[in-house]
1. Read through the list (1) in contact with a Lys or Arg (Cβ under 7 Å, 6 or more places away or on another chain); (2) without any contact (Cβ under 8 Å) to a residue 24 or more places away in the chain; (3) closer than 20 Å to residue 155 by Cα, then give the number of the only condition that residue 192 fails.
2. Out of everything in the range 197-230 that is part of a strand (DSSP E or B) and in contact (Cβ under 8 Å) with a residue 40 or more places away in the chain, what residue ends up being nearest to residue 260 (Cα to Cα)?
3. Please work out which residue is farthest from residue 291 (Cα to Cα), limiting yourself to the range 320-338 and to residues that are small (Gly, Ala, Ser) and without any contact (Cβ under 8 Å) to a residue 60 or more places away in the chain.
4. Among the listed residues 30, 39, 25, which satisfies the condition of being at pLDDT below 85 and in a helix (DSSP H, G or I)?
5. Residue under question is residue 249, and the condition is that it be under 25 Å from residue 163 (Cα atoms) and assigned by TED's automatic domain parsing to the domain that holds residue 166; does it hold?
6. Quick test for you: out of 294, 332, 327, 358, pick the one residue that is surrounded by 20 or more Cβ atoms within 10 Å (Cβ to Cβ) and of a type in the set (Gly, Ala, Ser).
7. Please verify whether residue 210 is of a type in the set (D, E, K, R), modelled with pLDDT of 95 or more and crowded, with 16+ Cβ neighbours inside 10 Å, treating the condition exactly as stated.
8. Quick one: what pairs do we get from the range 21-44, first residue under 22 Å from residue 345 (Cα atoms), second surrounded by fewer than 13 Cβ atoms within 10 Å (Cβ to Cβ), C-beta under 8 Å, 6+ apart or different chains?
Amino acid sequence: MNPSTNSAEIEAAAAAWFAKRESGDWSAADQAQLQVWLDSATACRIAFVRIVTAWERSGRLNALGAGVPSGTIPPRGAWGFAPSSTVPPSEPPQTRSKGLADPEIDVAPSMADSPPVRALSRPQFRRSMRAIGALLVIATTVGAVWYFSRDHADSYRTQIGAITTVPLSDGSKVTLNTDSQIHVELNPTMRRIRLDQGEAYFEVAKDTARSFVVEIADKRVVAVGTKFSVRRDNDDIRVLVTEGRVRIERRGVSSKAAPAQLDAGSEARTAQAAVLIDQPAPAQVEQLLSWRTGYIMFRNTALADAVADFNRYTARKIVIEDPAIAGIRIGGNFRSDDSDSFLWLLHSGFPINVEARGDRIILTKR
């Protein structure tokens, strides 16, 4: 696969392969070509598994209405998912109300070798794929309904897994990521936000008379009218500017220490007294800010880093017990509130065992 191929092109190619496989016009040569494409990059495998998962989650839509009068909702047991105490090999774990209650997820080891679904005619297939798209839109809309708690008049906090946007009285907006908290102080002479924990994206209303200051420990991120994100990691920060310009200052430091200036497209990380500035590629910027839409993006990401990211959004932590799998590289887009899909994809697309132990999910090499 061409390294410059972006995620949209990969998703489109995966959809084309899946559509061809399910159209009924499928040969051994086609299967071999599909396998070559799947083996060309981790992102290809992930994209194909995502489409297979969406198809299976839809309950194979061509069968849903069989024998049911128009306008009638089939009874719960008639949606194509047979009651079972274990996960069927072709069914991802989140279709069950118990999630990962069983000690080990039992899924098919290879998506390329799984038997094809009964072939549909081309018009039927197109109608089914449109229906799948509608279901995914509905799921995304429902999943985007987040909540937050307001501790008092000027503090805002999100729970683990929640994301929300807070409008400020000056016209600015703050989007809070999972498990984040800010303290807001606005008056006629100043605009000050204290980021107590977590991550936030700021869309600052322009006001030349009042700078917009975000405080984190002994650091200040100062803006006038701009858009940027700040992630706090203990007393260090990660700042990404998407529009305008900001500067990073340190409080209590001699005036001889010049502040770091960041233009749009720049990223800065602090490491104690040092400030490291980088110019991430557009794809990296998209990945870093994907959380605002309820997704986590991985692009050739080490499994250890991917697990650490997912653990920010769930109270039930994922633990890599076997160091041999920590360096496996993965790619793909995942809903931040759907760790079950992430785990199912790990198990079905990689040599990884997934096991629930109490309040933890354990990953080992298979």
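The values are calculated or read from the model by the stated rules, or taken from the named source; none is laboratory data. Small disclaimer: the values here were computed from a predicted structure and weren't measured. Counting neighbours? That spans all protein chains shown, and the Cβs are built from the backbone with ideal geometry, glycine included.
1. Result: residue 192 passes all but (1).
2. Of the range 197-230, the ones part of a strand (DSSP E or B) are 197, 199-203, 212-216, 219-223, 227-230.
From what is left, the residues that are in contact (Cβ under 8 Å) with a residue 40 or more places away in the chain are 199, 201, 212, 219, 229.
Numbers: 199: 20, 201: 19, 212: 16, 219: 11, 229: 16 Å.
So the residue we want is 219.
3. Going through the range 320-338, the residues small (Gly, Ala, Ser) turn out to be 324, 326-327, 331-332, 336.
Filter again for without any contact (Cβ under 8 Å) to a residue 60 or more places away in the chain, leaving 324, 326-327.
Values: 324: 28, 326: 23, 327: 23 Å.
The extreme case among them is 324.
4. On the way: 30 fails: at pLDDT below 85; 25 fails: in a helix (DSSP H, G or I).
It is 39.
5. On the way: under 25 Å from residue 163 (Cα atoms): no; assigned by TED's automatic domain parsing to the domain that holds residue 166: yes.
No.
6. On the way: 294 fails: surrounded by 20 or more Cβ atoms within 10 Å (Cβ to Cβ); 327 fails: surrounded by 20 or more Cβ atoms within 10 Å (Cβ to Cβ); 358 fails: surrounded by 20 or more Cβ atoms within 10 Å (Cβ to Cβ).
Within the list 294, 332, 327, 358, the selection yields 332.
7. Details: of a type in the set (D, E, K, R): yes; modelled with pLDDT of 95 or more: no; crowded, with 16+ Cβ neighbours inside 10 Å: yes.
No, not satisfied.
8. 21/116; 22/116; 42/300; 43/300
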